[in-house]
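Let me begin by presenting the structure, written as structure tokens, before commenting on it.
The values are calculated or read from the model by the stated rules, or taken from the named source; none is laboratory data. Keep in mind that this is a model prediction, so the values were computed, not measured. Heads up, the Cβs are rebuilt from the backbone with ideal geometry, glycines too, and the neighbour counts pull from every protein chain shown.
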Amino acid sequence: MVEVTTTGERPPSKTRDQVIVEAKRLEESTLFSCKGHHQAAQGWKTWHLWLGIPTVVISALVGVAAFTKTAEQNQYIAALAILFSIIVPVLSAITTFLNPNEKEAAHLAAAHSYDRLNNAARMFWSIDCWAGDATDEGLTAQLKALVTEKDDLNKGSPQIPRSAYAKAKKGIESGEASFKVDKVQ
């Protein structure tokens, strides 16, 4: 006997269920990537400050020492000025070589892209997959487009340092990425 559906409800489909599972995996993966890139960006921001601030302060001290008579009269201050004048170009060279400002910007851009994809994946499985006009073929195509976008992001994003990923994972597991509304359901 053939079962007849008399309501406007769409019967569950195995394909849709699998699409939702895959979209949830995508959401989880992009969450970890987003948070990892945020942690990496914060690390590079710290490097930028730790290299930049001493460079500026020491440069100023060397400049002041060069124009004071105290440096001419006190050999310790003169020696300190010479040492500082060697340290400044070394710090500047390290800053130029590491380029922490550019790396911070690259990680922030990647984090924002993963965050956008994370939101799209969540909206897809929680809303789009339940739309009355959604077909299994259409949902599969939408999921493949989201996965392709993630693959492209993976190719174009800087690598997340292991320590940044571990810190992000710990934060996520402690509830940093949880919303109050999700706990109510």
Would you confirm, using the coordinates I've provided, whether A93 is closer than 22 Å to K45 by Cβ, exposed (fewer than 13 other Cβ atoms within 10 Å of the Cβ) and at pLDDT below 95? yes
Quick check on my filter: what residues within region 171-185 are within 13 Å of S33 (Cα to Cα) and assigned to a helix (DSSP H, G or I)? G171, I172
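One line per residue, one yes/no per condition, for (1) in contact with a Gly (Cβ under 7 Å, 6 or more places away or on another chain); (2) loosely packed, with under 15 Cβ neighbours inside 10 Å:
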position: L80; (1), (2): no, no
position: A106; (1), (2): no, no
position: D115; (1), (2): no, no
position: E137; (1), (2): no, yes
position: N154; (1), (2): no, yes
position: Q159; (1), (2): no, yes
position: A168; (1), (2): yes, no
position: S174; (1), (2): no, yes
position: F179; (1), (2): no, yes
Go through region 36-140 and tell me which helices (runs of 4 or more DSSP H), entirely inside it, have 3 or more residues that are of a type in the set (V, I, T). 75-98
Looking at this structure, is W125 of a type in the set (F, W, Y) and at pLDDT 95 or above? yes
